Amino acid sequence: MGLELYLDLLSQPCRALYIFARSNNIPFEFKRVQLAKGQHKTEEFRKVNVLMKVPALKDGSFTLAESIAILLYLVQKFKTPDHWYPADLQKRARVDEYLSWQHINIRAKGSKLFLSKVLLPLITGQPLPPEKLEFATEELNVALKQFEEKFLQDKPFIAGSEVSLADLVALVELMQPVCAGYALFEDRPALAAWRGRVEEAVGKELFLEAHQDIMNVKNLTADQFAPELLENFKQQLLKQN
């Protein structure tokens, strides 16, 4: 049996994996798991990932969860070009540093804004109060400032002169609030230029293809979600906001 990747391209980590595998010509079978329909909660998927989350990898009898672990597995198994996860100790440390930081910063804050602008109004039928939306936006802005000042600085990419896993993971996360309607690149020329370099490095057509579903996210309707999932989302989102 060949390599299988279980993905939903509405998910940022899933898009990172999809783009990475495709841009490096890694052969895999795309197993689509539709989160909105609750397909990650089935007993069939539980055999692949007991955590019931995507992405997930199956390589023969071996299964693996967590996107960063899967990316590093692919890097080593398929011996992808060094720039993705450099052998140089300090360059690799820069990649690790960003991947360690991003979870509760860019990912958490970008996801919160996305959910506040798109999913919560979809579920409740009411937009988030302006002051709460402003707070969520400001939280993301703080993380973006830290990203520019600490991780990007005046370099072409996070680890130096070439694209790495850190750049790919960062950009797919930033596209989540962008696709929710937040023009975060408009007044940030350095960030916009970096975005262009990352897209060029992975292939603009591939990048666009991977983001087609999320770019149309505003077309989602409540009846496209499994009812029990919708109620669960509603309770979680109301607690956060």
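Please get the size of the charge dipole for the chain, origin at its Cα centre, with Cβ charges of +1 on Lys and Arg and -1 on Asp and Glu, quoted in debye to the nearest 20.
Details: 30 positive and 31 negative charges, 80 e Å.
It comes to approximately 380 debye.
Set Lys and Arg Cβ to +1 and Asp and Glu Cβ to -1, take the dipole of the chain about its Cα centre, and tell me which of GLY160, TYR73, LEU113 lies farthest positive.
TYR73
Please identify, among GLN39, GLN126, GLN102, the residue showing maximal mean-square fluctuation in a Gaussian network model of the chain using a 10 angstrom Cα cutoff.
GLN126
In nm, what is the difference between 0.36 nm times the number of residues separating ALA108 and ASN216 and their Cα-Cα distance? Kindly include the intermediate steps, with their values, before the conclusion.
Numbers: separation 108, 0.36 × 108 = 38.88 nm, distance 2.14 nm.
This chain segment gains 36.7 nm when fully extended.
Out of all DSSP beta bridges in segment 1-119, what portion is antiparallel? Express it as a percent rounded to 5. It would help to have the intermediate numbers written out before the result.
Values: 8 of 12 bridges.
Antiparallel bridges: around 65 percent, rounded to the nearest 5.
Can you work out ³J(HN,Hα) from phi for every residue in segment 99-116, in order, using Karplus 6.51 cos²θ - 1.76 cosθ + 1.60 and θ = phi - 60°, giving whole Hz and x for Gly and Pro?
Those phi angles translate into 4, 6, 6, 5, 4, 9, 10, 4, 5, 5, 6, x, 5, 4, 5, 4, 5, 5 Hz.
Output wanted: per-residue J couplings in Hz (rounded whole) for segment 181-191, from phi through Karplus 6.51 cos²θ - 1.76 cosθ + 1.60, θ = phi - 60°, x for Gly and Pro.
Along segment 181-191, the couplings run x, 9, 7, 6, 8, 4, 9, 10, x, 5, 5 Hz.
How much of the accessible area of the chain, probe 1.4 Å, is carbon plus sulfur, in whole percent? Kindly include the intermediate steps, with their values, before the conclusion.
On the way: 6260 of 12190 Å².
Of the solvent-accessible surface of the chain, carbon and sulfur hold 51 percent.
What FRET efficiency would be calculated for the residue pair ALA36, ASP154, taking the C-beta separation as r and a Förster radius of 45 Å, to the nearest 0.05?
In this case the efficiency is close to 0.65.
Given springs between every Cα pair under 10 Å in a Gaussian network model of the chain, which of PRO189, PRO177, PRO55 has the largest fluctuation?
With Cα springs under 10 Å in the chain, the top fluctuation among PRO189, PRO177, PRO55 is at PRO189.
Amide H neighbours of GLN34 under 5 Å, at least 5 residues apart or on other chains, H built in the peptide plane: list them.
For GLN34, the qualifying residues are GLN39.
In the Gaussian network model of the chain, springs joining C-alpha atoms below 10 Å, which of ASP187, ASP167, ASP223 carries the largest mean-square fluctuation?
Per the Cα network of the chain with a 10 Å cutoff, ASP187 tops the list.
Divide by every residue of the chain the summed helix terms, -39500 (n - 2.57) for each DSSP H run of at least 4, and state the resulting mean residue ellipticity at 222 nm, rounded to the nearest 500 deg cm²/dmol.
Numbers: 12 runs with 125 residues, N = 241.
Calculated at 222 nm, the ellipticity per residue is -15500 deg cm²/dmol.
Within the chain, what is the longest stretch that has no trypsin sites (Lys or Arg not before Pro) placed in a DSSP loop and near at most 11 other beta-carbon atoms within 10 Å? Kindly include the intermediate steps, with their values, before the conclusion.
On the way: sites that count: LYS47, LYS79.
Answer - 80-241.
Determine the gain in length on full extension of the stretch GLU200-LYS79; use 0.36 nm per residue of separation and subtract their C-alpha separation, reporting nm with one decimal.
41.4 nm
What residues have an amide H closer than 5 Å to that of ALA56, excluding those fewer than 5 places away on the same chain, when H is modeled at 1.01 Å from N in the peptide plane?
TYR6
For VAL48, list long-range residues whose amide hydrogen, built 1.01 Å from N in the peptide plane, is under 5 Å from its own amide hydrogen.
Counting only residues 5 or more places away or on other chains, the set is empty.
Calculate one ³J(HN,Hα) per residue across segment 195-208 by plugging θ = phi - 60° into the Karplus curve 6.51 cos²θ - 1.76 cosθ + 1.60, and present them in order as whole Hz with x for glycine and proline.
With coefficients 6.51, -1.76 and 1.60, one gets 4, x, 5, 5, 4, 5, 5, 8, x, 4, 5, 5, 4, 5 Hz.
Across 5 Å bins from the origin, how do the percents of Cα pairs in segment 66-109 run, short distances first?
5, 20, 26, 27, 14, 7, 1
In whole angstrom, note down how far apart the Cα centers of segment 9-61 and segment 133-178 are.
With segment 9-61 and segment 133-178 each reduced to a Cα centre, they are spaced 24 Å.
Provide the descending list of Cα extents for the chain along its principal axes, expressed in whole angstroms.
Rounded to whole Å, the extents work out to 50, 47, 29 Å.
Among TYR85, TYR98, what's the order by accessible area (1.4 angstrom probe), most exposed first?
Correct descending sequence by accessible area is TYR85, TYR98.
Share of antiparallel DSSP beta bridges in the chain, in percent to the nearest 5?
Bridges in the chain are about 70 percent antiparallel.
The values are calculated or read from the model by the stated rules, or taken from the named source; none is laboratory data. This structure is a prediction, so every number in the text was calculated from the model and none was measured. In this analysis, Cβ positions are derived from the backbone assuming ideal geometry, glycine residues included, and neighbour counts consider all displayed protein chains. For the accessible areas, the whole protein counts, side chains as well, though only heavy atoms, and no ligand, DNA or RNA atoms are used. Shrake-Rupley method; radii C 1.70, N 1.55, O 1.52, S 1.80 Å.
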